[in-house]
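Since the structure comes first, as structure tokens, the remarks are kept for the end.
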Number of protein chains: 2
Amino acid sequence: MINVAVLGYGTVGSGVVEVIEKNKEMVDKKSAQELNVKYILDLRDFPGDPYEAKVIHDFNQILEDDTVDIVCEVMGGVGAAYQFTRQCLERGKSVCTSNKELVAKHGPELLKLAVEHNCNYLFEASVGGGIPIIRPLNYSLTAEKIEAITGILNGTTNYILSKMEKEGAGFDDVLKQAQENGYAESNPEADIEGHDACRKIAILSSLMMGKNVDSEKIFTEGITKITADDFLYAKAAGMTIKLLGMSRALDENTVLAMVAPFLISREHPLSMVNDVFNAVFVTGNMLGDSMYYGRGAGKLPTASAVVSDVVDCARHQGKSVMCFWDEEEVTLADVAETKRSFFIRVNADDKEAVEKAFPGSTAIIVEGRKTDAGYITAVTTEREFYDKCAGLGNAVLSKIRLF
Amino acid sequence: MINVAVLGYGTVGSGVVEVIEKNKEMVDKKSAQELNVKYILDLRDFPGDPYEAKVIHDFNQILEDDTVDIVCEVMGGVGAAYQFTRQCLERGKSVCTSNKELVAKHGPELLKLAVEHNCNYLFEASVGGGIPIIRPLNYSLTAEKIEAITGILNGTTNYILSKMEKEGAGFDDVLKQAQENGYAESNPEADIEGHDACRKIAILSSLMMGKNVDSEKIFTEGITKITADDFLYAKAAGMTIKLLGMSRALDENTVLAMVAPFLISREHPLSMVNDVFNAVFVTGNMLGDSMYYGRGAGKLPTASAVVSDVVDCARHQGKSVMCFWDEEEVTLADVAETKRSFFIRVNADDKEAVEKAFPGSTAIIVEGRKTDAGYITAVTTEREFYDKCAGLGNAVLSKIRLF
């Protein structure tokens with residue numbers, strides 16, 4: 001029997017207990033032994049909860065209990081969660097987490113600590129919720145040189161963009177709806193400004209490079225400026241708009257990584273990932289393209305991923321499974337120097353000036369539109385594009401990158 | 001250093017050697033040691049080939065060489081491949097294969113043999129080519145009770161159906177084109193009659209159940225009867241036509257498994273899997289739906305999957321990794337008793353009789369069609385549906401299941 005402790009009895013924490021209990025037969029079989037939730041750490045009490053008796057308030061009780069081998073850190077944040085994780089690993093207790101903020105910030109350090117103490121720090125649930133993506137990158141695509149990873153990594157923004165497209169509604173209205181339905185938090189900044197997606201693409205990029213990609217250096221733009229009118233033009237061009245986290249290995253020590261809304265062709269598999277679903281699109285040098293799709297958030301999908309890590313720890317007791325993510329930092333390429341086409345929506349009155357500034361642009365025709373006009377520019381560096389836009393003053397109403 | 005032998009220097013075999021050489025740095029790093037291709041077994045000689053010196057003709061040379069730890073069986077068939085695999089496993093040499101026919105036929109027996117000799121029988125490449133799906137089922141979805149698996153599992157038929165849809169062309173014309181382009185074999189039966197997909201869904205179903213699903217008992221229908229006219233109606237109904245391998249766990253010992261063309265909604269993620277791409281759609285009781293998408297065939301994608309198995313063997317030298325696939329047979333549910341809606345295309349002259357036979361059907365309107373008419377029937381058992389069709393004589397031109 002292996003004893004497990006759960007740190008944090010919130011949404012994911014209660015899901016972890018539920019998955020271990022509901023799928024007990026399967027989980028125990030795959031672990032090759034019985035898993036037992038011995039402690040649940042939370043500041044609150046849970047009178048009447050079926051696991052009330054397991055709830056404790058003192059972390060040291062877990063730390064000092066040598067019969068606890070695996071700890072699920074599902075409390076979030078980078079304060080106590082960081083300290084608790086370090087202490088567990090130092091005692092040789094494996095830690096499984098859904099805490100992408102902590103993984104993005106201290107991943108390689110914690111992985112190293114786990115190796116030093118013959119245990120594991122696993123984080124399948126930190127990216128893509130229940131979608132298996134960390135383990136496929138570590139265990140399955142081992143014969144591949146991964147060249148690029150592009151993902152729809154945040155359920156809230158994907159839900160908002162999908163709704164805007166379907167209903168022709170504006171950003172503010174849909175955000176409000178999403179908050180009312182529980183699909184967006186009352187403080188939605190981490191989602192809509194792209195910070196959540198940024199942490200996830202930092203983790204994926206680090207695994208792709210085998211070295212550390214600093215999430216704080218990744219260019220990040222949210223979706224707050226996207227309008228219903230932009231979707232009209234996207235649709236007319238056979239495209240849609242998605243918030244993408246993308247990463248491309250330029251050489252062994254340089255990566256181009258960014259988070260931003262993109263116009264993406266309706267022919268691309270990522271374009272059909274709607275609502276709260278997430279997907280990660282991976283390009284390898286032998287396999288070519290592959291994609292991993294599923295529920296990127298939610299209590300049970302996320303908990304299922306945490307428990308799959310617990311099973312992995314149970315199978316590898318006393319042994320660190322391989323994960324290549326060194327502390328060495330890779331260089332992030334300057335986004336301003338990258339080349340691409342852009343979608344621009346401009347005041348109809350300024351069409352001539354815009355067409356002069358962006359020779360070789362293709363007009364997108366939306367029937368009946370009189371006040372604005374849409375174009376897809378020729379390929380240009382970001383720097384040149386934004387310089388030109390600045391020169392056009394208020395003529396440019398929207399600018400969105402093309403994937 | 002670990003010595004590897006490759007059995008069969010055909011398309012996949014030469015790909016395996018290429019992947020190990022081209023991605024040497026990555027593959028050796030992930031294996032935690034150097035992989036060396038020591039022998040290539042083939043009946044032919046390959047004068048001028050860079051690996052000419054490694055080509056041998058006598059399997060016993062591999063079997064008797066105690067320095068060979070891992071063998072890639074990429075020769076195909078169930079004769080010599082079966083004997084060679086058994087002999088290797090009996091000597092404690094791990095075997096990695098792309099041979100779905102052999103895995104479907106003798107999987108549990110060979111897995112047992114591997115466990116008995118502390119080595120591994122791995123078959124990631126047998127389903128979905130380069131798409132990681134076997135390992136995610138075994139290692140990632142370990143906290144899930146898998147309820148259903150549905151896949152587009154054959155690249156040739158998916159290419160043909162995608163072409164028929166795009167070009168409005170007939171089956172025979174597209175098959176001929178596909179043969180000319182190398183996307184279909186000169187004898188295409190295994191693909192177009194669904195036998196290849198059948199073996200793959202048998203393997204996936206067995207892993208879902210943890211027990212053996214006999215591929216020969218799986219109801220299998222190919223795509224030869226699908227017409228360009230059927231696609232017209234499918235499109236008008238917001239659907240497309242795909243050859244699906246599907247499997248649903250009814251209870252611990254009963255599975256409903258079948259291979260057949262289905263009408264599938266354009267809203268379903270599987271509907272956008274086009275051309276030679278494959279995808280496997282998995283429904284778990286906690287995670288809900290997830291999908292794994294990529295190149296289902298081809299030299300390098302398939303070889304990449306074989307080499308990922310080699311890496312897994314290298315990491316687990318002397319230890320069998322877990323795979324739950326017992327020899328115990330599960331019962332296959334009678335497809336005739338399952339309930340679903342059907343698409344039917346009928347002679348326009350017989351509309352009245354058909355509408356009488358299938359009350360509650362919905363007509364699909366294709367503008368300008370006069371000679372035929374399309375319907376989606378109410379939900380019925382397959383048995384009842386086919387009985388009624390038989391009673392209608394030649395009135396029914398096409399019948400395709402609805403997913």
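No lab work stands behind these numbers, since they all come straight from the coordinates. Keep in mind that what you see is a predicted model, and the values were worked out from it rather than measured. Cβ coordinates were reconstructed from backbone atoms using ideal geometry, including for glycine residues, and neighbour counts include every protein chain displayed.
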query = Any idea what the residue A:228 label distances to the other copies are, label 7 Å down the Cα→Cβ vector, nm, shortest first?
reply = 4.2
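Show that you can apply the helix-only estimate: for the protein assembly as shown, add -39,500 (n - 2.57) for every DSSP H stretch of four or more residues, divide by all residues, and state [θ] at 222 nm to the nearest 500.
Details: 26 runs with 277 residues, N = 806.
After summing the helix terms and dividing by residue count, I get -10500 deg cm²/dmol.
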key: Neighbourhood net charge (13 Å Cβ-Cβ; Lys/Arg +1, Asp/Glu -1) for residue B:381   = 0
remark   = Sorted by chain and number, the residues with a modelled amide H under 5 Å from that of residue A:239, at a separation of 5 or more or across chains, are A:266
key: Set of segment B:258-287 residues, backbone N closer than 18 Å to the point 7 Å along the Cα-Cβ line of residue B:224   = B:259-262
Integer Hz, Karplus 6.51/-1.76/1.60 couplings in order for segment A:308-321, x for Gly and Pro = 4, 5, 4, 4, 4, 4, 4, 5, 10, 3, x, 9, 7, 7
request  = Using only the Cα atoms of segment B:335-402, each taken as one equal point scatterer with no solvent, compute I(q) by the Debye sum, divide by I(0), and report log10 of the ratio at q = 0.22 Å⁻¹.
outcome  = -0.88
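Of all trypsin sites (Lys or Arg not before Pro) in segment B:30-75, which ones are in loop regions per DSSP and have a Cβ with at most 12 other Cβ atoms within 10 Å?
On the way: sites: B:30, B:38, B:44, B:54; in loops: B:44.
Taking segment B:30-75 and a limit of 12 other Cβ atoms within 10 Å, the loop trypsin sites (Lys or Arg not before Pro) found are B:44.
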Nearest beta-carbon to the B/A symmetry axis - residue in chain B, distance in Å = B:272, 2
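Tell me, in nm to one decimal, what length is gained between residue A:331 and residue A:112 on full extension, where the rule is 0.36 nm per residue of separation less the Cα-Cα distance?
Details: separation 219, 0.36 × 219 = 78.84 nm, distance 2.11 nm.
Stretched out fully, the residue A:331 to residue A:112 stretch lengthens by 76.7 nm.
Of all beta bridges DSSP finds with both residues in the protein assembly as shown, what is the antiparallel percent, to the nearest 5? Mind dumping the intermediate values first?
Numbers: 95 of 147 bridges.
Expressed as a percentage, antiparallel bridges in the protein assembly as shown total about 65.
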ask   = If the label for residue B:147 sits 7 angstrom from Cα along the Cα-to-Cβ line, what are its distances to the same label in every other copy, in nm to one decimal, shortest first?
value = 3.9
ask   = Which lysines, on any chain, are close to residue B:235 with Cα under 23 Å apart, when same-chain ones fewer than 8 places away are left out?
value = A:166, A:235, B:163, B:166, B:225, B:351, B:370, B:399
remark   = Taking Lys and Arg as +1 and Asp and Glu as -1, residues besides residue A:139 with C-beta under 13 Å from its C-beta add up to -2
query = Whose amide H sits under 5 Å from the amide H of residue A:40, counting only residues 5 or more places off or on another chain, with H placed in the peptide plane?
reply = A:6, A:55, A:56
remark   = If one compares the long axis through the Cα atoms of helix B:171-180 with the longest principal axis of the Cα atoms of chain B, the angle in degrees, nearest 10, works out at 20 degrees
query = How crowded by other chains is A:278-290, given as the mean number of beta carbons from other chains within 10 Å of each beta carbon?
reply = 6
task = Pop a pseudo-label 7 angstrom from the Cα along the beta-carbon direction at both residue B:319 and residue A:80 and give the gap in nm to one decimal.
result = 3.5 nm
task = Report, as an integer, the average count of C-beta atoms from other chains found within 10 Å of each Cβ along A:300-310.
result = 5
query = Normalised by the residues of chain B, what does the relative contact order come to in percent, with Cα pairs under 8 Å and at least six apart?
reply = 18 percent
task = Using every pair of alpha-carbon atoms in the protein assembly as shown, split the distances into 10 Å bins beginning at 0 and state the percent of pairs per bin, rounded to integers.
result = 3, 13, 21, 24, 21, 13, 5, 1, 0
remark   = For the residue A:43, residue B:235 Cβ pair and Förster radius 35 Å, calculated FRET efficiency rounded to 0.05 is 0.05
remark   = Bridge orientation stat for chain B from DSSP, antiparallel percent rounded to 5, came to 65 percent
key: Distance-filtered residues of segment A:126-143 - backbone nitrogen under 20 Å, label point 7 angstrom along residue A:181 Cα→Cβ   = A:129-130
query = Quick one: if you stick a label point 7 Å off each Cα along the C-beta vector at residue B:61 and residue B:394, how many nm between them?
reply = 6.4 nm
request  = Note down the net charge around residue B:228, summing +1 for each Lys or Arg and -1 for each Asp or Glu among other residues with Cβ under 14 Å from its Cβ.
outcome  = -1
remark   = With x for Gly and Pro, the residue-by-residue ³J(HN,Hα) of segment A:75-84, computed from phi through the Karplus equation 6.51 cos²θ - 1.76 cosθ + 1.60 at θ = phi - 60° and given in whole Hz, is 8, x, x, 10, x, 4, 4, 5, 4, 4
note = Rounded to the nearest 10 degrees, the helix A:382-391 long axis (Cα) sits at an angle to the longest Cα principal axis of chain A of 50 degrees
inquiry  = Can you compute 3J(HN,Hα) from phi for each residue in segment B:351-361, using the Karplus curve 6.51 cos²θ - 1.76 cosθ + 1.60 with θ = phi - 60°, rounded to whole Hz and x for Gly and Pro?
reply    = 3, 4, 4, 5, 5, 6, 5, 10, x, x, 6
request  = Would you pull out the residues with amide H under 5 Å of residue A:397's amide H, same chain only if 5 or more places away, H placed 1.01 Å from N?
outcome  = A:345, A:346, A:347
ask   = When Rg is the radius of gyration of the Cα atoms in segment A:135-295 and Rh is its Kirkwood radius, what does Rg/Rh come to?
value = 0.98
